[in-house]
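Trainee: Sending over a structure as structure tokens; questions will come in a sec.
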Amino acid sequence: MPQRPHDLLQRKQAGLPISVLTAWDALSAAIVAEAGADAVLVGDSLAMVVLGHATTLPVTLEEMLHHCRAVGRGLAMAAGSHPPLLIADLPFLSYQCGANDAVAAAGRVLKETPAAAVKLEGAEPETLAVIDRMVRSGIPVMGHLGLTPQSVHRLGYRRQAQDPVAQERLQRQARELESAGCFALVLEHVPASVATTIASLLTIPVIGIGAGEGCDGQVRVTADLLGLTPRQPPFSPPLIDGRGLAIEALRGWIGSQRAPTTRGTPAAPHC
Ligand code: KIV
């Protein structure tokens, strides 16, 4: 039986760390599942990481559904008795144009893919209302505050909650997301002290990225950790130089193909 949102809460209550990794296709999903991730996020970062867009904004709901189904197939192929919870990002403008459209978009994710939860960004009053509707419709929702890439044109990619006023606001919004029914919260690129305080104030798990070690868990973009992306954000350094290793290995193979060989040379035709 795959993990459920409630399993993440139980891990927090038991003081166990939570590891969340992104996946974008069957191959990456099987790898992160076999590595033991508690949850797999089909993040809209895939717009940049695997689709080559400059921001996360262009990715569509249809594309997210397509990637989510592929990730689901990868998780089904992976070895292990307790598959990770599958969460899918709702893309830009799939939940900002009214509660009915938002519930319909999130509902499609749960109906048409194996995902058991959605993630969305922000905690504006309209977003809180949408989350409330989704939760009451039976759709588990993960919140996301701090650096919210869908607001890049307003906030940039810089560290958020840097002054006391912004920190107070972040704390209030985190509480509001919990009250609206979110089962977990991602905090991205905010000061560690603020993230630690929020994690201790909330009952739901707080999953950090660039938010220090005091959160209940951590989330990373798998391609960043593996060093597959050309550049990684400063708060997500690579574990290995995957890109360099892959290029070197493939270059070696290509070189070996071009080496002159007499093996298999056809005999000269008789005159
Ligand atoms: O899209 C994504 O991969 C994310 C993570 C960075 C949390 O939202």
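The values are calculated or read from the model by the stated rules, or taken from the named source; none is laboratory data. The shown structure was predicted, so the numbers you read here are calculated from the model rather than taken from an experiment. Virtual Cβ from ideal backbone geometry, glycine too; neighbours counted across all protein chains shown. Heavy atoms of the whole protein, side chains included, go into the accessibility calculation; ligands, DNA and RNA do not. Shrake-Rupley method; radii C 1.70, N 1.55, O 1.52, S 1.80 Å.
Trainee: Net charge near Leu226: determine it from the other residues with C-beta under 12 Å of the C-beta of Leu226, scoring Lys and Arg +1 and Asp and Glu -1. Don't skip to the end; give the middle numbers.
Mentor: Numbers: positive: Arg220, Arg243; negative: Asp224, Asp241.
Result for the local shell: 0.
Trainee: For Thr196, Thr203, what's the largest-to-smallest order of accessible area, 1.4 Å probe?
Mentor: Numbers: Thr196 60, Thr203 85 Å².
Per-residue accessible area, sorted high to low, gives Thr203, Thr196.
Trainee: Quick one: order Lys111, Lys12, Lys119 from most to least accessible surface, probe 1.4 Å. The partial results should precede the final answer.
Mentor: Details: Lys111 175, Lys12 35, Lys119 5 Å².
From most exposed to least exposed: Lys111, Lys12, Lys119.
Trainee: Could you give the distance between the Cα centres of the range 164-236 and the range 1-73, to the whole Å?
Mentor: Here the two parts' Cα centres lie 16 Å apart.
Trainee: Going 7 Å from the Cα of Arg73 along its beta-carbon direction, which residues of the range 105-142 have the amide nitrogen within less than 19 Å of the resulting point?
Mentor: Only 109-116 fall inside the zone, counting backbone N under 19 Å.
Trainee: Express the accessible area of the chain per residue in Å², computed with a 1.4 Å probe while the remaining protein chains stay in the model. Walk me through the intermediate numbers first.
Mentor: On the way: 13560 Å² over 271 residues.
That works out to 50 Å² per residue.
Trainee: Now, a different point. Using θ = phi - 60° and the Karplus relation 6.51 cos²θ - 1.76 cosθ + 1.60, list the HN-Hα couplings for the range 31-38 in order, rounded to whole Hz, with x at every Gly or Pro.
Mentor: My calculation for the range 31-38 gives 5, 5, 5, 5, 6, x, 4, 6 Hz in order.
Trainee: Using a 1.4 Å probe and ignoring any ligands, DNA or RNA, find the accessible area of Val103 and quote it in Å² to the nearest 10.
Mentor: 20
Trainee: So, with a 1.4 angstrom probe, what is the percent of accessible area on the chain that is carbon and sulfur?
Mentor: Details: 7910 of 13560 Å².
It is 58 percent, rounded to a whole number.
Trainee: Follow-up. Evaluate the relative contact order of the chain (contact order divided by residue number), counting alpha-carbon pairs under 8 angstrom at least 6 apart; express in whole percent. Each step should come with its number before you reach the end.
Mentor: Values: 515 pairs, mean separation 43.2, N = 271.
Computed value for the chain: 16 percent relative contact order.
Trainee: Keeping all protein chains in the complex and leaving out DNA, RNA and ligands, what accessible area do you get for Met77 with a 1.4 Å probe, in Å² to the nearest 10?
Mentor: For Met77, solvent-accessible area is about 130 Å².
Trainee: Applying 1/(1 + (r/R0)^6) with R0 = 22 Å to the Cβ-Cβ distance of Leu201 and Tyr157, what FRET efficiency is obtained, to the nearest 0.05? Kindly include the intermediate steps, with their values, before the conclusion.
Mentor: Working: r = 26 Å, r/R0 = 1.19.
The calculated FRET efficiency here is 0.25.
Trainee: Pairwise over distinct Cα atoms, reciprocal of the mean inverse distance: report the Kirkwood radius of the chain in Å, one decimal place.
Mentor: Across the chain, the inverse of the average 1/r is 19.6 Å.
Trainee: Rolling a 1.4 angstrom probe over the protein chains, ignoring ligands and nucleic acids, what is the accessible area of Leu16 in square angstrom, nearest 10?
Mentor: 80
Trainee: What list of ³J(HN,Hα) values in whole Hz, one per residue of the range 8-18 in order, does the Karplus curve 6.51 cos²θ - 1.76 cosθ + 1.60 (θ = phi - 60°) give from phi, with Gly and Pro shown as x?
Mentor: After applying 6.51 cos²θ - 1.76 cosθ + 1.60, I find 5, 4, 4, 5, 4, 4, 8, x, 9, x, 10 Hz.
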